[in-house]
Each structure stands twice: as structure tokens, then as C-alpha cells.
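Just so it is clear, none of the values below were taken in a lab; they were calculated from the coordinates. Since the model is a prediction, treat every value here as computed from it, not as a measurement. In this analysis, Cβ positions are derived from the backbone assuming ideal geometry, glycine residues included, and neighbour counts consider all displayed protein chains.
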Amino acid sequence: MYKPKYKAVLFAPDGNWVTDFKGNTKEDVIDQLAHKGSYWFFYILEGIILNKGHTTHNQRLISLTPNMPQEFVGKSIKTISRLLGSLSEEELLVMLDGG
């Protein structure tokens with residue numbers, strides 16, 4: 001049975017997260033994210049994780065999409081989720097603007 005190697009993890013500003021958009025390469029996943037449409041409007045940060053089937057909060061980001069801060073590579077989903085949940089709206093905007 002075919003199993004794509006990568007998938008996207010998408011984060012909402014409050015720290016909630018979901019996974020979707022599987023592909024054989026990181027570029028496949030990034031391309032799918034670029035065309036995801038408004039359905040995912042509230043999930044503003046995106047990263048890439050290995051597709052190990054069931055996703056746990058301990059999985060770590062292995063690659064980023066252009067809107068994700070570089071320091072998130074190697075961080076667990078749980079760490080990013082907690083950080084986002086602790087930020088004020090102003091702090092989040094500063095982070096998204098790159099500092």
C-alpha cells in the first residue's frame with residue numbers, strides 16, 4: 001500500500017493544529033498548501049512532518065513553509081502549539097512579520 005512520506009501540520013493562532021496535504025516530497029506538500037483555498041483560513045502557520053500514520057504532539061517539524069519562523073524547525077508540535085497559545089495578538093503579528 002502506498003504511503004506518502006510527508007504531510008503538513010497547520011497551526012491556528014490559538015495553538016490548535018491539524019494535519020493534511022500528504023506528498024512524496026516536501027515540495028509536493030508545499031505545492032498543495034499553496035492551493036489549499038479558504039477552507040484553511042484560520043490555520044495561519046504551516047510546517048512539514050514525516051507521515052508516520054497517526055500524528056502525535058511529540059512529532060517534530062522537519063521543514064517549514066515560507067510563513068513559518070525558521071527557529072521552529074526541529075521543534076515538536078506540542079512546543080509550537082504552546083508557544084502560539086501563549087502569545088498575544090500583537091506578539092503573534094510581530095512573529096509573523098519576522099521580528
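Mind putting a number on the dipole of the range 6-96 about its Cα centre? Charges go on the C-beta only, +1 for Lys and Arg and -1 for Asp and Glu, and I need it in Debye to the nearest 20.
On the way: 9 positive and 10 negative charges, 98 e Å.
For the range 6-96, the charge dipole is close to 460 debye.
I'd like the FRET efficiency for THR55 and TYR2, computed as 1/(1 + (r/R0)^6) with the beta carbon distance as r and R0 of 25 Å, rounded to 0.05. Walk me through the numbers on the way to the answer.
Details: r = 18 Å, r/R0 = 0.73.
Using R0 = 25 Å, I get an efficiency of 0.85.
Pop the C-beta distance of LEU93 and VAL73 into the FRET formula with R0 = 25 Å and round what comes out to the nearest 0.05. Write out the running numbers ahead of the final one.
Details: r = 22 Å, r/R0 = 0.86.
Computed FRET efficiency for LEU93 and VAL73: 0.70.
Would you mind ranking LYS3, LYS26 so that the residue whose beta carbon has the fewest other beta carbons within 10 Å leads the list?
Values: LYS3 9, LYS26 16.
Lowest count first: LYS3, LYS26.
Regarding the chain, what are the three Cα extents along the principal axes, ordered largest first, in Å?
45, 27, 22
Would you please give the residues with an amide H less than 5 Å from that of LYS5, counting only those at least 5 places away or on a separate chain, with H modeled from the backbone geometry?
Amide H neighbours of LYS5: GLY23, ASN24.
Under the Karplus relation 6.51 cos²θ - 1.76 cosθ + 1.60, θ = phi - 60°, what is the ordered set of whole-Hz ³J(HN,Hα) values for the range 72-89, x standing for Gly and Pro?
Values per residue, Gly and Pro as x: 7, 4, x, 7, 7, 4, 4, 4, 5, 4, 5, 4, 4, x, 8, 7, 6, 4 Hz.
Counting other beta carbons within 10 Å of each Cβ, put GLU71, GLU91 in order, fewest first.
On the way: GLU71 9, GLU91 12.
With the fewest neighbours first, GLU71, GLU91 line up as GLU71, GLU91.
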